Structures are given as structure tokens and as C-alpha cells.
Amino acid sequence: MSYISKPKIQHPNARRNKLGLTSRDYEGAVSTLCAGCGHDSVTAAIVQSVYELNIEPHMLAKMSGIGCSSKTPAYFASQSHGFNSVHGRMPSVTTGANAANRTLTYIGVSGDGDSLSIGAGQFVHAIRRNLNMCYIIENNGVYGLTKGQFSASADIGSKPKKGLPNQQEPIDPVSMALSLGATYIARSFSGDKEQLVPLIQGALMHKGFALVDVISPCVTFNDHEGSTKSYAHTRKHYHNVVNADFIAPAEEIKTAYDEGSAMSVELHGGSKIVLRKVDKDYDPSSRASSFKYLRDRFNAGEIITGLLYIDEARNEMHDLMGNVDMPLSQLPLETLNPGNKELKKILSGYR
Amino acid sequence: MAKLNDVVIKIATVNGTGSASANGLIMKSLFRMGIPVVGKNYFPSNIQGLPTWYEIRVTGDDYQCRSDRVDVMVAMNAQTYARDLAEVIPGGWFIYDSTWPRNTQLGRDDITIIGIPLSRMCNEHFDGARARILMKNIAYVGALAAFLAIDIDTITELIEETFADKKHLIASNMEAIKLGFDYARKNFVCPLPSKVAAMDGTKGHIIIDGNTAAGLGCLYAGATVGAWYPITPSTSLMDAFRTFCAEYRVDPETGKRTYCIIQAEDELAAIGMVLGASWNGARSFTSTSGPGISLMSEFLGYAYYAEIPAVLFNVQRCGPSTGMPTRTQQSDIISCAYASHGDTKHVLLFPADPGECFTMAQTAFDLAERLQTPVMVLSDLDIGMNDWMVPEFEFDEKKIADRGKVLSAAELEQMESFHRYLDVDGDGIPYRSLPGVHPKGSYFTRGSGHTKYGAYTEESSEYQDVVDRLLLKWETARSIVPEPEIEFSKFNKAAILSFGSSHGACQEARDRLAAQNIALNYCRVKSFPFSASIKEFIQQHEVVYVVEQNRDAQFRALLMLDSDADPSKLISLLHYDGMPLNAGFVVRRVLEEIAKGQAA
Ligand SMILES: Cc1ncc(C[n+]2csc(CCOP(=O)(O)OP(=O)(O)O)c2C)c(N)n1
Ligand code: SF4
Ligand SMILES: [Mg+2]
């Protein structure tokens, strides 16, 4: 089954996924971001992720706020619905969308400005509800779209292109998510697609709130010497502590994993994610120890990446409320009103 | 005076002392005797310890508004004793708790002052501080029953119904009733000249508040997603919806819910959730008040431009800012009509009573989905939180809800291509597709400039194409929103125009003015944009008194903006002290304007 709405130049021998779609079918409009912008690499990783996951395009919903990062849903999955909302408010729109139809796969793309300043409140509360979604922050330490002001994720001492270095404590979305009870927390780097793709895939298949904080350098405003969110700085200081391999349903685990450092977690829909700890001291099932580890490494100037925390057991929003499995939006209206006879009964109590 | 079934009782108490159930008992007893009643609760923005009043107007003539006089005052609050005493009309009655000596300096010769030792009697008969306070309230109900000739059997019946599950409380409540009743009978001439008598004026009616009615309306409209942030006076709307859903929206087999109510982190999030849910095809709504609307503004403009249905209930309260949260006003007219930056305007509905809260909830969803835009139902504290006597609601099972232009999977499959913002039918309303239905239906919803095909644009003409089509849609809205209620006689050159909770007072004022040979036509507006009939109505008159409950004549301004009404004809009668409108105000202001030389 193929749903190609507009003709695309396809290589006749292009690889097709189980739906018969090529990865081109998961692409979107041509990006208008600056050449070399980290966000475009994240877009490419998303395309590969959803293609490989065989997600039916119309069952994917792309959500975003405002910013260069939030523009990117236009650049992938053109056969999926997109909702480019207002600045910082993507979480609430996704909450409502999910409330109405829990059967779609939700991918939200946001920026560090969008999620950690104007939208910090909504980000926090989406986590609290354990909203079932994949939430990607394309984190560049600045407001790209408004031309390079520091964002709340800027590190102390990070230098702007002009003016004085940042002196305020950064807000780290990963630590925030850990303390707030997010059930899937990962960090990656736009320059490491191999690491990023399985993390996004795991996030998409996780049942609950999955955060993927991606260091995604802004080449135009924050990629210079002295910036702690530049390509060079990130490459130099990032450490992968927990590798994640995504295993599709019915696929076998082929790699021989090292006993003790590997841990397999069953995800929604039968897929698995295998965690390979690079640092044996790290425990991705313990909030407290992950938090301490991250703090310690952060203080040592390291950028810790990988699948940092996972808990598949906690209920997501609908299950916490005890809602029906069917999308609420598809319940026929006739079945939703109790009828006139029942109305009389209700109103008899108001006499 | 002393007309039968024409008396106003006001009860002054302290909030948090449980007087609400006693006051409700009086209301309901009168109602069950077949006598039309109006109940108004004046309460503070506070949980315990501040003055609160409950006013019951017994109106055999069946008027739907508060009165401008008090005949019988029950003064249970020493704090407000002096002002309560002053409020009684000459010839009226003032009942107080004579357990403690009265401040003799405070007195009046022109009224009858009645002391009843309510506290002493209750302290002697009941144990425990809480019981004594509660029973004191019930005891004044007993006294009022004696003074006004309220039927004791009806009171008994109501008490038995109320405590059907706690039978041991029936005896004590009845004992308290008897204490007040017997004391009044023994020591005073009962009943008073202002008394009640059973009649046949409440058949087919119920007593309900507007928020409960709106919550019920949402249930019947098939709403499945409610997102809100608590704010007086709207909170009880979502509470009511939740209560009805708990009863009617639980799958009997699985015990799972077919509704989702989310208490959002703030109003920005609440409206964001509503938009997300509506975008996905659910009937979704929020309930809020003025401060919430202010916070929702950015999203409202988004919904207008990206064309997403949304239903909002704004139960208005007294502004500006936090204002007086427990007082009523109609002062969010402009802020709702034009909520958000840029060229934005919104469809508004103006229910006049709880009955219309029920029906307009359903109309709001139909209009929102038909027009793909936010629809705001502008109720207010008076309608939302007070008990109104209204005809029993009907639900028309044959009427099919309007889900608007939504393409099915089969329709999308057939289409060559789908473009979200094309005006295919010439009515300014494009076709919509829902996520999860068909890949051909996919489009990118955005609040940034877009072409009629849905693509991003910064081209002037492409941008203008879409915003001009939105104007055409506005005209379509004008032709389908509820028509006003008009009472017209060609002999009258002047008229009253009102909306929402001002309706009852305007109708009574027209009767009173007619009795003085001042006959006025009437137009009650039910919706915005204003239909052609409103424009015509204004043109037909030399003077139109526009009655509204705000300081700045917001509705008059809207009439000028949207229906090009001649400002020189529109005379404002503005009531904005936070109390529900009464007929006396309207009469006085009309007479003043006539005296000023305006022809009537
Ligand atoms: C209410 C509101 N205030 C301000 C803006 C202006 N604005 C647009 S994008 C942006 C910051 C975006 O930063 P970030 O989320 O980090 O995205 P980036 O461009 O860096 O990817 C701001 C402040 C806006 N669109 N809306
Ligand atoms: S300004 Fe920065 S974030 Fe925006 S597109 Fe350019 S490089 Fe990317
Ligand atoms: Mg940024």
C-alpha cells in the first residue's frame, strides 16, 4: 500500500519499508534553515527513524512550537499531519490532540527557547502527565530565529558572538526531566546520527513521555570559539554512557552482548531497546543515581549522552485516567448523549 | 403593598456557616408551592467568615430578575447589622437573633423589628458547636415559614428528600424548623401581610444554575475533551460536566471513560489542549472567566487564522484585572469579540438564562465545527452561579449535530489532491481533514502566513487571499448564528436592546414603563456577528436604549463596529456595580433620558 500524493523522483531500486514506502516518502519540504544547521541533521535522523519503524504516515502527528527548530516538522513526513503551534505551547496542543486520539504516534520538535523559557511550564506539565509522545529538543543554547540571544540552556562562561559571557545557571532539560518523573530520557548530538536514530526510535515506541535532548549547534549564532554548544566543543566533550540499540518487533537480537553491561527493555508494540552501558557505574533504571552521575559529570565539563533513564512500567496519561482504548474523537456523537428520556430523569432532581 | 406572592426576603449571614442549604430550602419550598421565585447569592471571594447574603424574590408575576427592594430581612450577621437594617423598605420587617442584646442605637420606626432568640433556642436543643450553628439556619427557615405562610408539609417533604440517606438528621432538622415556627406563631401575628399562597406558576419548570446547565449541554453535545484551569465563577461548569460524565460516560463493560477532563497548568495550556483535541476531531471545550480569556488570546488568534474549532464558556465576572471575582458583569464583550492581535474576530453567543446555557452549548459546538473557528459562550456570574427558575430542558433527539465540512477517508481517496484552505463552496468555509484518516488529507497547520493551499507564504497577494476569504466566512457566520428575539410594534419609535443576563430586568422594566404609557420595542441579541435583523431593528427606531452591565458601553461600540449602527441613536444604560441588574435601574435611566429630551 502506497500513499504517494505528489510525484517524487524515486530511484526505481530504492529500498522500501514494510509499507512499501521509501525513505523519500518520509521527507518533507526543502529546508530553509542555514546550511550546516544542526537541526537539519536531526530532521534526517527523524526521517530515517520513522521510515525504519514502518509508521503509516497518516498515523504520525508532527507537533511543534516556534523557532528554527520548530519549523522542521515541515521538512519531514509530508504525508503526516503537522501542527506548528505558538511559541512554547506545543506540549498543551499535543496533550489535547493525544486526549482526542491516543492511537496516533506523536513527535514533538521544540527548541531550548521554546521548551526551557516561554514554554517551561508546559514542558514540565506534559512530563507530569506522562503524556505519550516523543519530545525532541533541538538544543543550541540560543534563540536562533530571533538572531542569537542566549537561551536558558546556555552554560556559565559560554561566550556569545558579541558581548559578555553568560553568567546564569543553565537549565538542563535532562536533569529537569529526571526530577519530574519522565519515563524515557535521552541525550544525543545532531552530529552523531548513529547514536541519535535508535534513541528517537525508542522514544517513538516508548509508552509515555520520552525526551530526546539533542545538542544541535546553531552555525550562525553559536558555533564560534568559546561557545559550549558549538560543533567543536560538543565533539570534544561528549561521552556516550549508555548505547541504545533499537530492535524492531520480531527481529532477533543478533549482536552478542556483554553480560552485565547490557539490558534489554521491551517497548510498546513488541519492539525492544537494548541498553549497552559504556560506563559500568551508570544505572539507567535509577533516577537518584542517574541524577547524581549527570551532575558530577556536568561539573567536570562533560556532556553525557545516551539513553539515560528508562521506565516502561509507569502508566501514560490515558491509562492513569482509565480512558477507553478507542480514540475519543471517533466515538459517534449519538452514543455520547444519554437521550431525552434520561434528560427528564436528570432534571427531575432540579424540582 | 401587601400583594400576595410578591415579597422579597433577604438573608444576611456569614459565609462558611452552612446557610446555603437553609436558603435553598426556602427557595425550593416556594417553588414546590407553585410560586415563581428568583434567587440571588451575594458571596465574598473568601472561604469562611465574611458577610454573605441570599435574596429570594417571590414573584407571582413571574419576573426573571432581582428586585430593587427588600421587604423582609433576616439579619443573622452582627457585622452587617446596620446596613441590613437600612436596606429594608419602609413598612417592611427586620428579623434578628435576639439571644444577645441589640444595639438599641440602631433602630427604625418605620419598620417592624422582630427578635427571635435563635441561638439560645438552638443551644438548648442541640449538642455540638457545628450542629448548633447549622440548626440556627434551619430555625430561621421555620420562622419564615410562619411569617410568610410557607407550607410546612412542603418543607418536611424537602427535608426528607435531602436526608434520605441520613435519616437521623430528619428529626433534628424538623425540630429546628418547629423551634422557629412555634416561636414566631406564639409571639407575633402570623402570617405577615406580605405572605405567599400556593399557585400554579411553576409547572414544567426546574430550578437550576447556568453552569450546571452548560455542563449538561456539553454532555448532550457529545463533548469528549474538557480542559480548564479553576477560576470563579466558571469552576462549577466543568465540575458539573465531570459529574454528568461520571454517570453517563463510563463504559459499563470495561469501566473505562469515554471522556477526558484535564485540569491544565494554566489557561494558555487549557486552550492549547482544546485546539489540539478539536484539530483531532473531538468536541472539546474550556470554561473560564475574564482573566483566563486574557491568557488565551494568542491561541484564539491562532485558532481563528488556522481555522480550528473551539468552544469556550466565559462566565464573566467583575473586572478589570482580578476585579471583584464574586460579582457579576458583562464586561468581556470587546476582549472576547476581538481577542488576540492582528485582524481577528470571534463568534459570540449570549445566553440569557440557564435554559439557553443548555441549548447554546450545543449550538456552540455546531457553529464551531461548521465555521471552523472559536465560539465563545458569554455567560456571567449571575447566570452561571445563581439558581434560576426556567422551563424544563428538552433535547431534540432527531436533530442531527452539525460536524461541519470534514472529509472522510473515502472522500479523500477519491480526490485528486486536497488543499486545506480552498473555498470550494463559495461560503468562505474550506474543507477539513482529520489526522489519522488518510495520508492524502495531511497538511501543515500553521499560524504563520499561508496560501489557500496551506503552504507557507510571505507573498502579499497570497496572504491577502486567505484573510479576505476569512471575511467571507464571517459573513456566512452572520447568516447562521442565532437570530435575536424581537418584539416590535410600528407605533413605537423607541426601543430597548439588551443581551444575556440583562434580559429579565429589561422585560420587567418595559412592563413598568408601559404602565406609565411609555411603550418600548425590544431586541434581545443572542449572537455576534450581528445578523441583518439587528441592523434593521436599529434603523427602525429613533432611539435605542442599549442596556449592558459594563462601564464602557462595550456592546454599543460593537454595534457601531459590526453593524454600522448610527451612534446618535444608541443611548447607553450602563450598570456596572457588580450586582445583577434590576428593573428599577432600567426604568429610572429611561425616565432620565426622556427627561433630558430624548423622544420616547
Ligand atoms: C509570544 C512570542 N514571543 C516571542 C516570539 C519570538 N520568537 C520566535 S522564535 C523565538 C526563540 C526560539 O528559540 P528556540 O526555541 O531555541 O529555537 P531555535 O530558533 O534556537 O531553534 C522567539 C523568542 C514569538 N514567536 N512569540
Ligand atoms: S539561525 Fe541557527 S538555529 Fe536558525 S537555522 Fe540558522 S543555524 Fe539553525
Ligand atoms: Mg535554540
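Can you tell which of A:LEU180, A:LEU196, A:LEU211 is away from ligand 3 (no atom under 13 Å from the Cβ), within 14 Å of chain B (Cβ to nearest Cβ), touching a residue at least 24 places away in the same chain (Cβ under 8 Å) and within 27 Å of A:GLY301 (Cβ to Cβ)?
Values: A:LEU196 fails: within 14 Å of chain B (Cβ to nearest Cβ); A:LEU211 fails: within 14 Å of chain B (Cβ to nearest Cβ).
Result of the check over A:LEU180, A:LEU196, A:LEU211: A:LEU180.
Within segment B:276-287, does at least one residue satisfy the condition of being at pLDDT 95 or above and under 30 Å from B:ASN15 (Cα atoms)? Lay out the reasoning, then the answer.
Of segment B:276-287, the ones at pLDDT 95 or above are B:276-287.
Checking the rest, the ones that are also under 30 Å from B:ASN15 (Cα atoms) come to B:286-287.
Yes, the conditions are met somewhere in segment B:276-287.
Can you find, within segment B:262-300, the residue that is surrounded by the most Cβ atoms within 10 Å (Cβ to Cβ) among those that are of a type in the set (S, T, N, Q) and facing chain A (nearest Cβ under 7 Å)? First the steps, then the outcome.
Here is the first cut: in segment B:262-300, the residues of a type in the set (S, T, N, Q) are B:263, B:278, B:280, B:284, B:286-289, B:294, B:297.
Okay, now just the ones that are also facing chain A (nearest Cβ under 7 Å), so B:280, B:284.
Values: B:ASN280: 28, B:SER284: 34.
Filtering segment B:262-300 for residues that are of a type in the set (S, T, N, Q) and facing chain A (nearest Cβ under 7 Å), the one surrounded by the most Cβ atoms within 10 Å (Cβ to Cβ) comes out as B:SER284.
So how many residues does segment A:306-343 have that are outside any helix (DSSP H, G or I) and of a type in the set (Lys, Arg)? First the steps, then the outcome.
So the first thing to find is which residues in segment A:306-343 are outside any helix (DSSP H, G or I), and the list is A:306-316, A:322-327, A:331-332, A:336-338.
Narrowing further to those that are of a type in the set (Lys, Arg): A:314.
Final tally of qualifying residues: 1.
Restricting attention to segment A:138-149, which residues are touching a strand residue (DSSP E or B) at 6+ places or on another chain (Cβ under 6 Å) and more than 8 Å from ligand 1 (Cβ to nearest atom)?
Across segment A:138-149, the qualifying residue is only A:GLY148.
Specify the residue that is nearest to the chain's Cα centre (by Cα); the eligible residues are those in segment B:349-369 that are among the acidic types (Asp, Glu) and not in a loop (DSSP other than H, G, I, E, B). I'd like the intermediate steps shown before the answer.
To start, the set of residues in segment B:349-369 that are among the acidic types (Asp, Glu) comprises B:353, B:356, B:366, B:369.
Now drop any that are not not in a loop (DSSP other than H, G, I, E, B), which leaves B:356, B:366, B:369.
On the way: B:GLU356: 9, B:ASP366: 20, B:GLU369: 24 Å.
Looking at residues that are among the acidic types (Asp, Glu) and not in a loop (DSSP other than H, G, I, E, B), I get B:GLU356.
Please go through segment B:560-594 and give me each residue that is of a type in the set (D, E, K, R) and farther than 27 Å from B:TRP474 by Cα, ordered by number. Write out each step before concluding.
Narrowing segment B:560-594 to residues of a type in the set (D, E, K, R): B:562, B:564, B:566, B:569, B:577, B:588-589, B:592-593.
Residues satisfying the conditions are B:ASP577, B:ARG588, B:ARG589, B:GLU592, B:GLU593.
Just the residues that are under 30 Å from B:ARG283 (Cα atoms) and more than 24 Å from the chain's Cα centre (by Cα), please, taken from segment A:295-322. Walk me through how you get there before you give the answer.
As a first pass, look at segment A:295-322 and keep what is under 30 Å from B:ARG283 (Cα atoms): A:314-322.
Scanning segment A:295-322 gives a single hit, A:GLY322.
Would you call A:SER64 of a type outside the set (A, V, I, L, M, F, W, C), within 16 Å of ligand 3 (Cβ to nearest atom) and either touching a strand residue (DSSP E or B) at 6+ places or on another chain (Cβ under 6 Å) or within 12 Å of chain B (Cβ to nearest Cβ) (or both)?
Numbers: of a type outside the set (A, V, I, L, M, F, W, C): yes; within 16 Å of ligand 3 (Cβ to nearest atom): yes; either touching a strand residue (DSSP E or B) at 6+ places or on another chain (Cβ under 6 Å) or within 12 Å of chain B (Cβ to nearest Cβ) (or both): yes.
Yes.
State which residue pairs qualify: first residue more than 10 Å from chain B (Cβ to nearest Cβ) and within 15 Å of ligand 3 (Cβ to nearest atom) and inside segment A:114-137, second residue part of a helix (DSSP H, G or I) and of a type in the set (Phe, Trp, Tyr) in any location, beta carbons under 6 Å apart, and separation of 6 or more residues or different chains.
A:SER115/A:PHE123
Criterion first (touching a helix residue (DSSP H, G or I) at 6+ places or on another chain (Cβ under 6 Å) and of a type in the set (Lys, Arg)) does B:LYS473 satisfy it?
Details: touching a helix residue (DSSP H, G or I) at 6+ places or on another chain (Cβ under 6 Å): no; of a type in the set (Lys, Arg): yes.
No, not satisfied.
Quick check on my filter: what residues within segment B:18-51 are without any contact (Cβ under 8 Å) to a residue 40 or more places away in the chain and over 28 Å from B:ASP153 (Cα atoms)?
Of everything in segment B:18-51, those that are without any contact (Cβ under 8 Å) to a residue 40 or more places away in the chain and over 28 Å from B:ASP153 (Cα atoms) turn out to be B:ASN46, B:ILE47, B:GLN48, B:GLY49, B:LEU50, B:PRO51.
Check off (1) within 16 Å of ligand 2 (Cβ to nearest atom); (2) within 13 Å of the chain's Cα centre (by Cα); (3) more than 8 Å from every other protein chain (Cβ to nearest Cβ) for A:PRO73 and give me the number that stays unchecked.
So the condition that A:PRO73 fails would be (3).
Go through segment B:246-261 residue by residue and tally those that are more than 10 Å from chain A (Cβ to nearest Cβ) and not in a loop (DSSP other than H, G, I, E, B).
1
Suppose we filter segment B:370-407 for residues that are within 14 Å of chain A (Cβ to nearest Cβ), in a loop (DSSP other than H, G, I, E, B) and not charged (D, E, K, R); how many remain?
The total comes to 7.
Regarding A:HIS268, is this residue within 22 Å of the chain's Cα centre (by Cα), within 22 Å of A:SER188 (Cβ to Cβ) and either touching a residue at least 12 places away in the same chain (Cβ under 8 Å) or within 14 Å of chain B (Cβ to nearest Cβ) (or both)?
Numbers: within 22 Å of the chain's Cα centre (by Cα): yes; within 22 Å of A:SER188 (Cβ to Cβ): yes; either touching a residue at least 12 places away in the same chain (Cβ under 8 Å) or within 14 Å of chain B (Cβ to nearest Cβ) (or both): yes.
Criteria met by A:HIS268.
Enumerate the helices (runs of 4 or more DSSP H) found wholly within segment A:17-125, keeping only those where 1 or more residues are more than 16 Å from ligand 1 (Cβ to nearest atom), small (Gly, Ala, Ser) and crowded, with 24+ Cβ neighbours inside 10 Å. Lay out the reasoning, then the answer.
Working: elements: A:38-52, A:68-71, A:90-100, A:112-116.
Qualifying helices (runs of 4 or more DSSP H): A:38-52, A:90-100.
Is there a residue in segment A:227-248 that is more than 14 Å from chain B (Cβ to nearest Cβ) and at positive phi? Give the steps one after another, and end with the answer.
Step one: of segment A:227-248, the residues more than 14 Å from chain B (Cβ to nearest Cβ) are A:227-248.
Those still in the list that are at positive phi too: none.
No, because not a single residue in segment A:227-248 is more than 14 Å from chain B (Cβ to nearest Cβ) and at positive phi.
Going by what's in this entry, would A:ILE200 be described as of a type in the set (A, V, I, L, M, F, W, C), surrounded by 22 or more Cβ atoms within 10 Å (Cβ to Cβ) and within 16 Å of ligand 2 (Cβ to nearest atom)? Steps first, please.
Numbers: of a type in the set (A, V, I, L, M, F, W, C): yes; surrounded by 22 or more Cβ atoms within 10 Å (Cβ to Cβ): yes; within 16 Å of ligand 2 (Cβ to nearest atom): no.
No: the conditions fail for A:ILE200.
Between a first residue in segment B:428-445 that is within 11 Å of chain A (Cβ to nearest Cβ) and free of Cβ contacts under 8 Å to residues at least 60 places away in the same chain and a second residue that is part of a strand (DSSP E or B) and buried (at least 22 other Cβ atoms within 10 Å of the Cβ), which pairs have beta carbons less than 7 Å apart while being 6 or more apart in sequence or on different chains?
Pairs that qualify, where the first residue is within 11 Å of chain A (Cβ to nearest Cβ) and free of Cβ contacts under 8 Å to residues at least 60 places away in the same chain and the partner is part of a strand (DSSP E or B) and buried (at least 22 other Cβ atoms within 10 Å of the Cβ), are B:SER442/A:HIS81; B:TYR443/A:HIS81; B:PHE444/A:GLY82; B:PHE444/A:ASN84.
Please enumerate the residues belonging to segment B:221-241 that are part of a helix (DSSP H, G or I) and in contact with a helix residue (DSSP H, G or I) (Cβ under 6 Å, 6 or more places away or on another chain). Working first, answer last.
If we filter segment B:221-241 for residues that are part of a helix (DSSP H, G or I), which is where we start, we get B:221, B:235-241.
Selection gives B:ALA221, B:SER236, B:LEU237, B:ALA240, B:PHE241.
Kindly indicate whether any position in segment A:149-165 is in contact with a His (Cβ under 8 Å, 6 or more places away or on another chain), away from chain B (no Cβ under 14 Å) and not in a strand (DSSP E or B). Full working, then the answer.
Taking segment A:149-165 and keeping what is in contact with a His (Cβ under 8 Å, 6 or more places away or on another chain), we get A:159, A:161.
With away from chain B (no Cβ under 14 Å) added as a condition, the list becomes A:159, A:161.
This time we only want the ones that are not in a strand (DSSP E or B), so: A:159, A:161.
Yes, because at least one residue in segment A:149-165 is in contact with a His (Cβ under 8 Å, 6 or more places away or on another chain), away from chain B (no Cβ under 14 Å) and not in a strand (DSSP E or B).
For segment A:69-82, does any single residue satisfy the condition of being away from ligand 3 (no atom under 16 Å from the Cβ) and closer than 17 Å to A:PHE209 by Cβ? Can you show your working first?
First, pick out the residues of segment A:69-82 that are away from ligand 3 (no atom under 16 Å from the Cβ): A:74-82.
Checking the rest, the ones that are also closer than 17 Å to A:PHE209 by Cβ come to none.
No, the conditions are met nowhere in segment A:69-82.
The values are calculated or read from the model by the stated rules, or taken from the named source; none is laboratory data. This one's a predicted model, so the numbers in the text were calculated from it and none came from an experiment. Neighbour counts are summed over all protein chains in view; Cβ atoms, including those assigned to glycine, are modelled from backbone coordinates with ideal geometry.
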